[in-house]
Structure formats: C-alpha cells, structure tokens
1. Looking at (1) surrounded by fewer than 17 Cβ atoms within 10 Å (Cβ to Cβ); (2) in contact (Cβ under 8 Å) with a residue 12 or more places away in the chain, find the lone condition where residue 251 falls short.
2. Checking the condition part of a strand (DSSP E or B), open to solvent by less than 40 Å² (accessible area, probe 1.4 Å), within 21 Å of residue 74 (Cα to Cα) and among the hydroxyl-bearing types (Ser, Thr, Tyr), which residue from 242, 202 passes?
3. Looking at 124, 112, 137, 177, which is the one that is basic (Lys, Arg) and within 23 Å of residue 222 (Cα to Cα)?
4. Return the total of residues in the stretch 91-120 being over 18 Å from residue 34 (Cβ atoms) and either open to solvent by 50 Å² or more (accessible area, probe 1.4 Å) or small (Gly, Ala, Ser) (or both).
5. Restricting to the stretch 33-56, name every residue that is of a type in the set (Val, Ile, Thr) and open to solvent by less than 100 Å² (accessible area, probe 1.4 Å).
6. Specify the residue that is farthest from the chain's Cα centre (by Cα); the eligible residues are those in the stretch 136-146 that are under 20 Å from residue 104 (Cβ atoms) and assigned to a strand (DSSP E or B).
7. Select from the stretch 174-190 the residues that are open to solvent by 30 Å² or more (accessible area, probe 1.4 Å) and out of contact with any Gly (no Cβ under 7 Å at 6 or more places or on another chain) and list them in ascending order.
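The values are calculated or read from the model by the stated rules, or taken from the named source; none is laboratory data. Note that the coordinates shown come from a computational prediction; the quantities given were computed from them, not determined experimentally. Glycine also receives a Cβ, built like all others from the backbone with ideal geometry; neighbour counts cover every protein chain displayed. Each accessible area value is taken on the protein alone, full model and side chains, heavy atoms only, with ligands, DNA and RNA left out. Shrake-Rupley method; radii C 1.70, N 1.55, O 1.52, S 1.80 Å.
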Amino acid sequence: MTTEHGDNREDVRMHHGKRCAKKELLQVEFRLIEYPGEFHIGCYSYPFKYTLPSNLPGVFFHKHADQKPGSNWEACVKYFIKAELEITDGSNSLVCEEPLVIYGHSAATEEKPPEMYRSTDSVKTFCCIPRGDVSIKASLSQVTYGAGDKAFVQLEIANNSAVEIRSFVMKVIRVIKLLGKDPSRNEEQSKVHCVVDTVAQSFHRGCKNNSIVSSGIPIQLAQVSDTETLLFPPSTRATTVSCHYVVDLDMYVPWAPAIEMHIPLLIKPCKNIVVCVAMVMWLWYIH
C-alpha cells in the first residue's frame, strides 16, 4: 500500500497474521469398575464424585467477525466429561461425551447480598467555583445474573447542589482480553489483545437542584433485534481469555466535570442441558 502526502511518498506494508493460544486446564482419568467375567445385558448406572479445583475459570464462548483487519477473533473455555466402555474382544469401545458447565465463582458468592456503592462528588462550575455536592447510591438487584436475564440497578441521586443535573446515561461495558502468539511472525512472547465494547446503553432524566430522585433501571443482558437474540458471554478469568463487565453511570453537569460511578457486573453461563439422545444410543449399542 502506498500513501502520498505532498512531495513525500511512503510505502506501508501490512502484515495479516493469526494469533492463537491453547492451554489445558484440567485432565483427570480414573477407572470406575471392571468386569473380569461376563458383562450381562441390562441397564447400569455408576454414580461417582469428584471435587473440582477451586481456581478453575468459568466456561466461555464468543466470536466476533468484522471486515476490519485484526477484528476477527474467537475464544472459548470449555469442559466435558467423557465415559468410555472398553470391550476386550476387539470391538470398538463405546464413548459418550457430555459438556460440563463450570461457573467462575463459588456458590457462596450468590448467597451474599448485593453490595451498595456510594459516591459523593463536589460540583464546581468551570472546575473552580463550588456549587454544592451530589451523592449517589446504587446497587444491583442480584449478585450474579444469567445470560439473557434482565438486571435492575436501584439508584438514588441526592442533588445537594445549586446546579440541575439534566440527564445521565447508563452503560454496560464489556472488556475481553485475549492472549496469544502469531506463529508466522515467530513471536516468542504472547501478546494481549483488548476488546472494549458498549453492549447496552440507556439515557434517563436527571435530578433538579436540591432534590432527591430514586428509580429502578432495567438492563437487558442480551442484544435483541428483529431477527435474533444474542446472549452476552459469561464472565471468566482464564489464562488465555478473560471477560468482565462494568455498569457505568455518567451524569452530565452543566459547565462542570461529569459525575461517574462504576459497578462490577457478574454474568454466569447457562445451565447444563441434559441430552437424552446420548443415553438412548448407549442402551441401543449395549443391547
């Protein structure tokens, strides 16, 4: 590609590559039972327990496709349980594999009450003339939300200043960090690619001077259009990919800096879906 600026001529070379990374987080294998003799026809179940490590990141999947160079990417964190029935007479082993959903937080996290966030800022016109204070109290209705849920922000604004707050905007910011190498460039160290998106946004009326306003603001944790509904990917903190959300509150004050508040938002993945077809196929093969 060649660009020209007046009498200057500059050649710019663009290199398109592909950064990738893969890391195995957990692999455990154990034998449930052995049949030294004949394996009779029938239906059998073998309950088992296994304690997962507490530091495993939650499941994750998301991909983004765009015509802009460098903006196409795909990342996932997945787990599965695989059962295998070994047959010693030379026949092929029977294998069943089912996905396992792991949350990136403990069950005790969901039992905690939502945290109340407080902030007080001084309103200064032209950044120097004091006009009073504005206090904000905000909390989410839950500690965690599922993908596609509707979150609620309970908000209280105490405008103890002489300036009217005309409006404020509520945003949900998603930050995804990807870590990988480009083999074609012989990169020795992995590099971080950060993707920041505003996935939800709404505008609201502000608060008059010397008054208090309370309201509950809903936030849909999905991008809904006429043709499809795209659920937000869950929060996770893996080595190669991390995803977290923040609810940003920006209040516009005339002739003064905006008043801000940031509330962490934790989104958990959908629950496991039991697929009965796999169980039927097992029974059919055994018989």
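1. Checking residue 251 against (1) surrounded by fewer than 17 Cβ atoms within 10 Å (Cβ to Cβ); (2) in contact (Cβ under 8 Å) with a residue 12 or more places away in the chain, the one that fails is (1).
2. When all the criteria are applied, what remains is 242.
3. Details: 124 fails: within 23 Å of residue 222 (Cα to Cα); 112 fails: within 23 Å of residue 222 (Cα to Cα); 137 fails: within 23 Å of residue 222 (Cα to Cα).
Of 124, 112, 137, 177, the one residue that is basic (Lys, Arg) and within 23 Å of residue 222 (Cα to Cα) is 177.
4. Within the stretch 91-120, the first condition is being over 18 Å from residue 34 (Cβ atoms), and the residues that meet it are 92, 96-120.
Next cut, either open to solvent by 50 Å² or more (accessible area, probe 1.4 Å) or small (Gly, Ala, Ser) (or both) only: 92, 97-99, 103-104, 106-108, 110-120.
Within the stretch 91-120, residues that are over 18 Å from residue 34 (Cβ atoms) and either open to solvent by 50 Å² or more (accessible area, probe 1.4 Å) or small (Gly, Ala, Ser) (or both) number 20.
5. Of the stretch 33-56, the ones of a type in the set (Val, Ile, Thr) are 33, 41, 51.
Result: 33, single match.
6. Here is the first cut: in the stretch 136-146, the residues under 20 Å from residue 104 (Cβ atoms) are 140, 142-146.
Those left that are additionally assigned to a strand (DSSP E or B): 140, 144-146.
Working: 140: 17, 144: 12, 145: 11, 146: 10 Å.
Only one residue tops the list, namely 140.
7. Residues of the stretch 174-190 that are open to solvent by 30 Å² or more (accessible area, probe 1.4 Å), as a first pass: 177, 179, 181, 183-190.
Hits for the stretch 174-190 are 177, 179, 181, 183, 186, 187, 188, 189.
Yes/no per residue for (1) in contact with a helix residue (DSSP H, G or I) (Cβ under 8 Å, 6 or more places away or on another chain); (2) in a strand (DSSP E or B); (3) open to solvent by 60 Å² or more (accessible area, probe 1.4 Å):
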site	(1), (2), (3)
123	no, yes, no
148	no, no, no
158	no, yes, no
168	no, yes, no
197	no, yes, no
218	no, yes, yes
